[in-house]
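Structure, as structure tokens:
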Amino acid sequence: MKFKGKAVTKADPVILVIPKGDDQIVFTCKPVEDYKPFDALCPEPVEQVFKRPNGEIVEGADPNYEKANGEWFLRKFNYMFYHSLKGDGIEFETVDANDPNTWENAETELRSDGFSSLEVSKIIMATQTANGLNNDAIQAATDSFLASRREESKLSPLSPTTDQPATASGESAKDGG
């Protein structure tokens, strides 16, 4: 994919440094670029479709779907969290990359190894930012884009805030002259 003729660049890692005693623990939160291993281990749940005898499809009637879907999203988040953090000196002792039941242990290990709730929250936010899931960053980029558009429209000779060119009859071209 290209945007305005340029290839879309990958997200940059987010660096977070948390001081612990005499050490500085450096977390390099990398964007997860490949979810194929996750998809192979955790296929997305599919809602069972129910049909009434008259052929009418009943949506939302599968009592297990909502729970299964919630569990799937949590596993996907835990996969992203673990894979965003692993490497660069960070090792998790109770996480197996091929066992979805252990991915949540990454957060558990951080807490049990002395990171406070606030520090763990900062680590989670850094992994989300690295993976493009930071609403504040998205909103800031949107605000910046819209502000630049407003500036451009002030400079444009045909902006809605300036006079429109006239036709030969002297009427505004906008009015159909």
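Read the figures in this text as sums done on the coordinates, not as results from a lab. Note that the coordinates shown come from a computational prediction; the quantities given were computed from them, not determined experimentally. So basically every Cβ, Gly included, is an ideal-geometry build from the backbone, and we count neighbours across all protein chains shown.
Points worth noting:
- Think of each Lys and Arg Cβ as +1 and each Asp and Glu Cβ as -1; about the Cα centre, that makes the dipole of segment 1-97 roughly 560 debye.
- Between segment 95-157 and segment 1-69, the alpha-carbon centres lie 14 Å apart.
- Ascending count of other beta-carbon atoms within 10 Å, so fewest first, for Met1, Met125: Met1, Met125
- Sorted largest first, the principal axis extents computed over the alpha-carbon atoms of segment 96-152 equal 51, 27, 10 Å.
- Under 5 Å, built H, 5+ apart or other chain: amide partners of Ile25: Ile18, Lys20
- Each semi-axis of the equivalent ellipsoid for segment 39-111 is √(5λ) with λ an eigenvalue of the Cα gyration tensor; in descending order they amount to 37, 10, 8 Å.
- Protection-proxy order for peptides 139-148, 66-75, 24-33, each taking the mean of Cβ atoms within 10 Å per residue, highest first: 24-33, 66-75, 139-148
- For Tyr35, residues with placed amide H under 5 Å, excluding near neighbours: none
- Dimensionless Rg/Rh of the chain - Kirkwood Rh, Rg from C-alpha atoms: 1.21
- The lysine pair count for the chain, using Cα distances under 14 Å and pairs eight or more places apart or on different chains, is 4.
- Between 0 and 90°, nearest 10: helix 65-85 axis offset from the chain longest Cα axis: 90 degrees
- Cβ crowding within 10 Å averaged over residues, with 79-86, 128-135 ranked highest first: 79-86, 128-135
- Computed [θ] at 222 nm, helices only, for the chain once each DSSP H run of length n ≥ 4 contributes -39500 (n - 2.57): -13000 deg cm²/dmol
- Distance between the modelled labels on Ala137 and Trp72, one decimal in nanometres: 2.7 nm (7 Å Cα→Cβ projection).
- HN-Hα J in Hz across segment 105-119 - Karplus 6.51, -1.76, 1.60, θ = phi - 60°, x for Gly and Pro: 5, 4, 5, 4, 5, 4, 5, 6, 8, x, 7, 6, 4, 5, 5
- Basic side chains Lys and Arg get +1 at the Cβ, acidic Asp and Glu get -1 at the Cβ, and with that the dipole of the chain about its Cα centre reaches some 720 debye.
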